[in-house]
Structures are given as structure tokens and as C-alpha cells.
1. When the Kirkwood hydrodynamic radius is evaluated over all pairs of different C-alpha atoms of the stretch 3-196, what value in angstrom, to one decimal, is obtained?
2. List the relative contact order of the chain as a percent without decimals, with contacts defined as Cα pairs under 8 Å and 6+ residues apart.
3. Using 0.36 nm per residue, how much length does the chain from SER56 to ARG86 gain when fully extended, once their Cα-Cα distance is taken away?
4. Divide by every residue of the chain the summed helix terms, -39500 (n - 2.57) for each DSSP H run of at least 4, and state the resulting mean residue ellipticity at 222 nm, rounded to the nearest 500 deg cm²/dmol.
5. Under a point-charge model restricted to the Cβ atoms of Lys and Arg (+1) and Asp and Glu (-1), what is the dipole moment magnitude of the stretch 3-196 relative to its Cα centre, in debye to the nearest 20?
6. How far, in nm, would the chain grow between PHE128 and TYR180 when pulled straight, counting 0.36 nm per residue and subtracting the alpha carbon separation?
7. If you rank THR155, THR33, THR142 by fewest surrounding Cβ atoms within 10 Å, what's the result?
8. Give me the extension gain from THR144 to ILE104: residue separation times 0.36 nm, minus the current Cα-Cα distance, reported in nm with one decimal.
Amino acid sequence: MKREDQNQTLEAISGRATGVLFFAGFGALWLCTGLSALHRLTLAACVFAVAAPVVSLVIPALLLLWRVPSIPLEAQDEERNRQYRRTFGRINGIQWTAIILAVILLNIFHQVAYIVPTIATIVGLHLFPLARLFQYPAHFVTGTLLVLWSVGTATLLSSQNIAGFGAVGTAIILLLSAAYTLVSATRAASSLQTTKI
């Protein structure tokens with residue numbers, strides 16, 4: 001494997017392991033939000049909602065990050081990295097601005113039942129440009145599932161069930177996506193190590 005290809009693979013593995021951390025963290029947050037909205041947020045449920053993703057996703061992702069060697073500074077394309085960070089910042093800035101505006105507007109118009117599916121839709125939509133940026137097609141699948149789930153809950157459920165079931169479903173989608181990403185990144189890291197031997 002050429003050094004440049006190996007560096008790109010290392011970047012992808014590291015980026016996906018970092019993505020697992022975000023998806024697991026937000027997945028746990030969505031799960032607690034959903035359980036709270038369904039009046040099922042007990043101490044045991046909260047501990048489970050946080051402990052299960054930490055044990056099954058966060059710890060393995062951190063171990064993967066620790067195991068994958070970092071790319072030497074001289075091998076990094078600083079201009080490409082700067083552009084990459086700038087694009088990533090713009091995408092996330094637009095996402096958070098849209099979320100804040102949506103929450104304000106939904107509160108103004110007394111439509112708070114739709115806050116959860118609206119936020120989940122915005123999160124799903126922001127994954128489409130991230131899929132292109134990271135060259136990771138699985139984000140298209142996750143984004144599509146989040147949007148479809150949100151539309152489904154907003155149109156098919158009664159207003160008192162939208163937030164709870166919407167948030168729990170969003171959590172499940174994010175946590176399953178994190179698990180898939182962790183498995184694929186771990187496999188890529190293993191195959192990279194076997195090609196070194």
C-alpha cells in the first residue's frame with residue numbers, strides 16, 4: 001500500500017472512530033430525552049442509557065483511536081486540512097443555527113410537539129453534506145433514516161407521543177449507525193495492520 005493511501009486510510013479510521021464518539025454521545029442524549037418524554041426516565045434507565053453506549057461503543061472507539069498510529073505532520077496536507085475543517089465548521093454552524101431558529105419558531109407558534117422531529121430532521125439533513133465531505137456513504141443512510149423517522153412520527157403519532165417515540169427512534173438510529181461505523185473502522189484498522197506484516 002502506498003504511503004499516501006495508507007495516510008488516507010488512517011485519517012478515515014480515525015475520523016470514523018471520532019464519529020462513533022459523537023453518535024454514541026448524542027444517541028445516549030436522545031435516549032434519555034425520549035425516556036423522559038415517555039415518563040420512563042428512572043435512575044436505572046438513565047444509567048443504562050449512558051452506560052450501554054459507553055461500554056459498547058465509546059470505550060472500543062477510544063481504544064481504536066489509541067491503536068491507530070497518527071499521521072506524521074510532514075505527511076499532512078495543511079491546506080487540505082484547513083479547508084476540511086472550514087467546511088466541517090460551516091456545515092455544523094448551519095445545523096446549529098437551524099436548530100436554534102426552529103426551536104424558537106416552534107415555541108412562538110405553540111407547536112412544541114414538533115421540536116424533536118424537527119431537530120432530528122435537521123440532524124439528518126446535515127449528514128448529507130458530511131457524507132460527501134468524509135467520503136462515507138453510510139451517513140447518507142443514517143441521514144435518510146433520521147428524516148424518514150421524523151416525518152413518520154410527526155405525521156402518524158398523536159402530539160403527546162411525538163417527542164418520546166421520536167427521540168427514542170432517533171437514539172436507536174444513531175446508536176446503530178455508531179455500531180456499524182465502529183465495526184467497519186475496526187475492520188479497516190485490522191486489514192491495514194495485516195498488510196503491514
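No lab work stands behind these numbers, since they all come straight from the coordinates. Keep in mind it's a predicted model, so treat the numbers as computed, not measured. Cβ sites come from the backbone with ideal geometry, for glycine too, and all protein chains shown count toward neighbours.
1. Numbers: mean 1/r = 0.0558 Å⁻¹.
Result for the stretch 3-196, one decimal place: 17.9 Å.
2. Details: 210 pairs, mean separation 71.6, N = 197.
It rounds to 36 percent for the chain.
3. Details: separation 30, 0.36 × 30 = 10.80 nm, distance 3.15 nm.
Result: 7.6 nm gained on full extension.
4. Values: 7 runs with 163 residues, N = 197.
That comes out to -29000 deg cm²/dmol.
5. Approximately 120 debye in magnitude.
6. Values: separation 52, 0.36 × 52 = 18.72 nm, distance 1.74 nm.
Result for the pair: 17.0 nm of gain on full extension.
7. On the way: THR155 9, THR33 21, THR142 25.
Fewest-to-most ranking of THR155, THR33, THR142: THR155, THR33, THR142.
8. Details: separation 40, 0.36 × 40 = 14.40 nm, distance 2.48 nm.
11.9 nm is the gain from fully extending THR144 to ILE104.
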